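See structure below.
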Amino acid sequence: MPATGYSLRAQFVETLTHFKRPDVPLWVVFRNTLAVVLPLGIGLATGYTDVGLGIGAGALDTMFSDQPGPYRQRMRWLLLATLAAGVAALLGFTIGGQVLPMLLATAAFGFCGGMLVVFGTDAARVGMTSMILLVIAAATPIDPRNALLAALLIACGGLLLTLFAVAAWPLQRYLPERHALAGVYAGLASLARQPAVDEDNPALTDAMTTLQHTLLGRDRAHGRAMEAFTVLLELAERIRLELTAISALHADPVAHAAYRDDVAKVLDAIAQALETSEPPLQAQRALQALRNNTRDPQGRLGTHLRALDGQLGAAARNANWAGSRGELRAAAAETRLPRALQSSSTWAVLRANLTPRSMAFRHAVRTAACLSAALLASRLLNLPHGYWLPMTTAIVLRADFAATFNFGLLRVVGTVLGLVLTTALLRLTPDSPWAHLALMALLCMAFRWLANAHYGIAVAALTGTVVILLSYDGVNSGVAVADRVVNTVLGCGMAMTAYLIWPTWERGRARGAFAEMLDAYASYLRALAAPERREAQRETRSLARTARSNAAASLERMRAEPGTPRSLLELARGLFANGNRLARTAMALEALGNESTPRVADFDRFVATCADAVQSIAAALRGQRVPDDLPDLRALQQGVAAAVEGSSDTAHGEALVQLSDRLTNNINTLAHVLRKMR
């Protein structure tokens, strides 16, 4: 896509050709497929095909609630998806033959399901599952007694999937936490090998945020092993800060490269120990080699090297205690998710979003109206397998234009591709229920594995999976594929039309997202101005990471929207890039604050003034005005330089001067970007 402006053709081509690396572990693919195929196979073998079909369909519909994370979190979302599927199916089976009650039900489920986006992707999946099961069940209304039995079978499919997803819990209780930590330490090893700081992208931002929520979120486990994980999380933060500070010092390139490589070997060994839950013997050997190869430099570089050495040693020790096999040898204070990151109450979040200004509210209204219209159209037109029309609408219609466009396009292309693929495969496969079951298992595995890599190819596999599944219910496979193509095209068209009639363009919300990012950076700086407030520093650092991720997502959505003003896109890019540089400087400042050398009061006051300046820039961005009320940071910085000239620690004084210069430059550049766009 062009660097500026919007091109429909470029967006079209990028959507079709963009292929990410599959990120779903193969054991997850296998267990999800087994939950779909096993009940159907048992049903075929025992003569209860309908029972196996119902359970398999329930597992297929709740499959995507099986996401990475702690076992408690995984089980909670799977059980919620199972409950939503069962209730929606019961309602659909019961009132599916009555048009007016069904329209009211689709409107209610569409609105509630759309509002769930305020609670994140996992909650949105639960809402989508309920909408899909409602319209599918409504296509075959039955009497209340049989409706209850059918809904229970679908719920049993979700429960079976849940059982498979958490089956390893007693044996590998801390596996998700260990894998998350191992990923971050492997990322730290990659960061250590980098010859210089990447100014445009603070390292491991998203990975650290995910790890913090995995370890310390509402579904966290308790016990001594979790205390070790908590220590390792904080050590990862400290190691990242020290690596950033060391890279910024521009030490001797040859010696620095050798040192970084030795550090990376230690971090890789720690990651391997966490991954395998084995004692970190290799990490300890690598750490000893690092110490043997490292001289003891003086000055500021020596301070950071010694701090990093201590942190690596602590990480290697705690890696030996992490997991159910290990024992924590030193008591650690119980740590919770920082207060600033804890979720507000459910009702408070919903009340805050029950306004037309909310993206979630607008999405909920769009979903309710579109789902009801799609159901009504399928009934009025008497479309064969018409439930695919509202089902496609529910799947395709997203809270932003880019996702709606991409999912719609890929679903149409994938369905057509699935038509060709399924027709060819069924011709090549022996006409046997067991052969078809084996083919369905392969297609289901491909769908689960590729869904996050290329949705279009995954939909092609899903089309074959559903067509074969329906064939066990007596639906002709050729007719089913053709009907699916027609309904998919109509459903995608309705979703896009609904979005264009009442859109929620990212360009209307982008300034707020970037202002929140700057506010978070200001809070981080304000906490750094008080070195004794270590807990506040950790909380505001985490908030800054989250705000940066939100701003990055906003920028990406704007880039994929038609009609985004070029000037706004350039403003967002400028604020994002220079905000990242400010974050880097703040991280280096936090690393400096952990040294034993006393801080200079004038410098801390200067940092507090810088925080106020960033806050003023954020306010100006929200108000779409020029930030004219900023203090003269350059003059204040020169005052700081003069104040530290007489410092007894020359290296520390030089570090303060350098950081104050970087802060001044970062903030003045942010103000310049905003003024230029005006």
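Would you work out the charge dipole size for the stretch 508-677 about its Cα centre, treating the Cβ of every Lys and Arg as +1 and the Cβ of every Asp and Glu as -1, and quote it to the nearest 20 debye?
Result for the stretch 508-677 is approximately 880 debye, rounded to the nearest 20.
What are the principal axis extents of the Cα atoms in the chain, in Å, biggest first?
So the extents along the principal axes, rounded to whole Å, are 88, 58, 43.
Would you mind computing, in nm to one decimal, how far apart the modelled labels at L163 and V479 are, each placed 7 Å from Cα along Cα→Cβ?
According to this spin-label approximation, the distance is 3.5 nm.
Calculate, in nm to one decimal, what E275 and E556 gain on full extension: separation in residues at 0.36 nm each, minus their alpha carbon distance.
97.9 nm
Length gain on complete extension for the stretch L442 to A619, per 0.36 nm per residue less the alpha carbon to alpha carbon distance?
Contour length minus the Cα-Cα distance gives 58.3 nm.
Starting from the Cα of L8, step 7 Å toward the Cβ, then list every residue of the stretch 551-568 with an amide N under 17 Å from that point.
Once the point is set 7 Å along Cα→Cβ of L8, 560-564 turn out to lie under 17 Å by backbone N, inside the stretch 551-568.
With +1 assigned to the C-beta of every Lys and Arg and -1 to the C-beta of every Asp and Glu, and no other charges, what is the dipole magnitude of the chain about the Cα centre in debye, to the nearest 20?
Result for the chain is approximately 800 debye, rounded to the nearest 20.
For V99 and R193, compute 0.36 nm times the residue count separating them, minus their Cα-Cα distance, and round to one decimal in nm.
On the way: separation 94, 0.36 × 94 = 33.84 nm, distance 6.35 nm.
Once the chain is fully extended between V99 and R193, it gains 27.5 nm.
Please list the radius of gyration and Dmax for the stretch 369-504, considering alpha-carbon atoms only, with Å as the unit.
15.2, 50
Which one, S567, T609, A529, projects farthest toward the positive side of the charge dipole computed for the stretch 517-635 from Cβ point charges (K/R +1, D/E -1)?
S567
Give me the one-decimal Kirkwood hydrodynamic radius in Å for the stretch 508-677, with the sum taken over alpha-carbon pairs.
16.4 Å
Add -39500 (n - 2.57) for each DSSP H run of 4 or more in the chain, then divide by its residues: what number comes out at 222 nm, to the nearest 500 deg cm²/dmol?
After summing the helix terms and dividing by residue count, I get -25500 deg cm²/dmol.
First select every other residue whose beta carbon is under 13 angstrom from the beta carbon of E506; then total the charges, Lys and Arg +1, Asp and Glu -1.
+4
What is the list of residues in the stretch 81-112 whose amide nitrogen lies under 13 Å from a point 7 angstrom out from the Cα of W347, following Cα to Cβ?
none
Just want to confirm a number: the relative contact order over the chain, from Cα pairs under 8 angstrom separated by 6+ residues, in percent.
Computed over the chain, the figure is 16 percent.
Using every alpha carbon pair in the stretch 20-173, what percent of pairs falls into each 10 Å bin from 0 up to the bin containing the largest distance?
Once binned at 10 Å, the Cα pair distances of the stretch 20-173 give 12, 38, 34, 14, 2, 0.
Report the FRET efficiency, 1/(1 + (r/R0)^6), for V420 and I501, where r is their Cβ-Cβ distance and R0 is 35 Å, rounded to 0.05.
With R0 = 35 Å, the Cβ-Cβ based efficiency is 0.60.
Would you work out the charge dipole size for the stretch 369-504 about its Cα centre, treating the Cβ of every Lys and Arg as +1 and the Cβ of every Asp and Glu as -1, and quote it to the nearest 20 debye?
Here the stretch 369-504 has a charge dipole of around 120 debye.
No lab work stands behind these numbers, since they all come straight from the coordinates. It should be emphasised that the depicted structure is a prediction, and the values quoted were computed from it without experimental measurement. Virtual Cβ from ideal backbone geometry, glycine too; neighbours counted across all protein chains shown.
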